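The values are calculated or read from the model by the stated rules, or taken from the named source; none is laboratory data. The structure displayed is predicted, hence computed values, not measured ones. So basically every Cβ, Gly included, is an ideal-geometry build from the backbone, and we count neighbours across all protein chains shown.
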Amino acid sequence: MEISKKESGNDLILIVSGSINTATAPLLEKELSLLPKELKSLTIDITDVDYISSSGLRDLLNFQNYIDEIGGTMIVKGCHESVREVFEMTGFDTILTIE
Amino acid sequence: MTTGQTVCLLIGTIAVISLLAFILSDTSKLAKVRGNNKIWVKAVFYGVIGGIFGIYATIGGVRVEELGAIITIRDVGPMMAGCLGGPISGLIAGAIAGIHRLFFNLPSVIGGSMTLTESFLSGTTIPCSISTFIIGLLSGLLFKPFSTKKHRGLWALGIGVVMEFFHLFIVFLYFWGTASAAEGWALVSKIIIPFMVTNGAGFGILIYLLDMARKHQDVQEKEKSVETELNVATNIQNNMLPTIFPTFPGRKEFSIDASMTPAKEIGGDFYDFFFVDDDHFAFLIADVSGKGVTAALFMVISKTILKNNILSDMPLAEAVSKSNLQLCDGNKSNMFVTAWVGVLEISTGKLTYVNAGHNPPLIKHGDKQFSYLKNLSGLVLAGSKKSKYRQFSTYLASGDRLFLYTDGVTEAMNIKNEQYNEKRLLDCISRQDISTSATDIIQIVKADVKEFTGEAEQSDDITIIALAMNGVSKNITVKAEIENFDQVSDFLEEELTKHNIPQKIKLKMSIVLDELFSNVAKYSNGEDFSLDVAFPRNRINLRIEYGGELFDATKLKDPDVTLAAKDRPVGGLGIFIVKKTMTSMTYHSENNKNVLTLYKDLEDETVQK
């Protein structure tokens, strides 16, 4: 898994590629601690993510809860079919804002 | 002496003779002496017994006071000793009984009522003593010819009569010499008939009883040796059947176990299994008509012929047809054999089978219930040369089961003459779950049959084969630590690619593996994580085995997926995803390890979409 970042003002885009699994999820979690406090909007682009496991879901949940706390918005962008299925299966499609 | 007293005496004497016959023939330690290799031990044995009997007869004899004679069967002792033990025995017995007779009046001498000489000279003391001794010797000379005679009882009767005639002739001579022929004749003529009759009859009865007893013993010994031979036959038969389990070490694709319990020493049931080649495994169960030696012999022939033909390169139905023809040849005793023969292609799980008049096996596919495989290919084997056989096929996937048995199971009877029957068998097997091994299921069914039949005697051979498909699996085993995840993940990916699994499902399997591995890594403290993957028809099988605390993960409560983000717990989703993704997930523990058996039906996907 690789993560690249695009920042413009108070907007941040995280571009993730590869698999968000048990081995890689900690890397994404680390990004959470690096998020700027004044963040207004976060976009997580997972167009190139082929699958996401529950470890990845946990990260996304933590991101969402953090953003909700600081009053920002979060968008998950570019869901692969198998990723979407997992979101639907676990009810994450109702928690996350998927584009 | 009254007639009644004489009869009573006679009965008493015959009783003693019977006892003697019993002692001489008995099965206990005396028999060892009788059969002792040291000739002199045997000779002394017979001699002493004969002598003691002589003494007994002299004391117990009828004293004819006015004649100074004793009518006795004393001579039976030396005759027996001589005829059965040989010259030395005869001599010993004759000497003991004769000397005893000579000193028979000793109490009177000691009492002072007569002198020693008077006691010798009284009545028939001297001739009787001498003749008893000589009869012992003469009988000893008869030892050889007597031992080979057929009706020894009659011969003994004759010997007794002749010997007593001789005995009284000596008495007559004695009186003729010491007194007069007339006096001798007066005495002898009175006692010759009772002497000849009682001694002839006594010796005849003794030998007759003895021979009867020995014959009886011989029959018993023969029966014992037949039994021993049957035991040998049982062993040979058992050795003909594959008995080492697990039979094929290194073959993880399936496990098989079998059991045969004959009703008698040797049975007509048999089973067999062997590899035709690396990828084809043959197994069969059969029941020969009838029981006992005939059935056992036919079993040997049937087993050999079937194996030979199955091993030769021809379709299964043809192999069975050919076996039928060969078994029909020279089958004059009209035996027949029912057989169920299967050949499993391990790489594909394809099972080809022929059922020649045998009981329908029970089969279980996946999650479905056990059911009877009722297809019949043709008549029993060896029944008719015209019989035609066709083969059927089905597929056995990982987790599938096959249960074969003979009618000894379904027709086992209880004391009320009720049969165990197919329904009861089906019920018993259906109660078992997927974790029941082939070995266990056999024991369970046998116990259930036993419980049903109770006190009733087993009337037919009981034979069972259980086959469980594990699938063609590939395995990887690593320490359950996160840094090993990629290794396991790559392995699975490679296997899925090899079997042309669509990308979409591959990704799902990756998620499943991720969830399973991460959970195990979290809880099992770096113990082994072992993954088996198999690809039976239209299915992906995963079997994971791992150490740590035994815990049934399938029992975890599903998380509430409708909660809002802030109310969501962070854990508990993994196993839920696995459950949702796979068609089936079951848990059991094995050798103190956790085992999760999962499969994904590929058809599920096509139905959903």
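The table that follows gives values for the structure above.
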| item | result |
| --- | --- |
| Single unsatisfied condition, residue B:354 versus (1) in contact with a Leu (Cβ under 6 Å, 6 or more places away or on another chain); (2) over 15 Å from residue B:285 (Cα atoms) | (2) |
| Selection within region B:349-371 - surrounded by 15 or more Cβ atoms within 10 Å (Cβ to Cβ) and among the hydroxyl-bearing types (Ser, Thr, Tyr) | B:352, B:353 |
| Any chance residue A:73 is closer than 19 Å to residue B:561 by Cβ and either at pLDDT below 90 or in contact with a Lys or Arg (Cβ under 9 Å, 6 or more places away or on another chain) (or both) | no |
| Strands (runs of 3 or more DSSP E) contained entirely in region B:448-566, each with at least 2 residues that are buried (at least 16 other Cβ atoms within 10 Å of the Cβ), without any contact (Cβ under 8 Å) to a residue 60 or more places away in the chain and more than 14 Å from chain A (Cβ to nearest Cβ) | B:528-534, B:539-546 |
| Meets criteria (at pLDDT 90 or above, outside the structural domain of residue B:394 (by TED's automatic domain parsing), over 19 Å from residue A:18 (Cβ atoms) and out of contact with any His (no Cβ under 8 Å at 6 or more places or on another chain)) for residue B:529 | yes |
| Subset of region B:567-591 that is within 8 Å of chain A (Cβ to nearest Cβ) and of a type in the set (Lys, Arg) - its residue that is surrounded by the fewest Cβ atoms within 10 Å (Cβ to Cβ) | B:580 |
| Test: residue in region A:14-21 that is loosely packed, with under 15 Cβ neighbours inside 10 Å, of a type in the set (A, V, I, L, M) and over 24 Å from residue B:512 (Cα atoms) | no |
| Candidate set: region A:43-62, residues that are more than 7 Å from every other protein chain (Cβ to nearest Cβ) and part of a strand (DSSP E or B); chosen: the one nearest to residue A:90 (Cα to Cα) | A:52 |
| Condition check for residue B:111: farther than 21 Å from residue B:18 by Cα and small (Gly, Ala, Ser) | yes |
| Pair list, Cβ < 8 Å and 6+ apart or interchain, from region B:201-224 residues that are closer than 25 Å to residue B:74 by Cβ to residues that are surrounded by fewer than 17 Cβ atoms within 10 Å (Cβ to Cβ) and among the aromatic types (Phe, Trp, Tyr) | B:209/B:22; B:213/B:22 |
| Test: residue in region B:177-188 that is out of contact with any strand residue (DSSP E or B) (no Cβ under 7 Å at 6 or more places or on another chain), surrounded by 15 or more Cβ atoms within 10 Å (Cβ to Cβ) and either part of a helix (DSSP H, G or I) or not basic (Lys, Arg) (or both) | yes |
| Exclusive hit being touching a helix residue (DSSP H, G or I) at 6+ places or on another chain (Cβ under 8 Å), of a type in the set (Val, Ile, Thr) and surrounded by fewer than 20 Cβ atoms within 10 Å (Cβ to Cβ), set B:219, B:276 | B:276 |
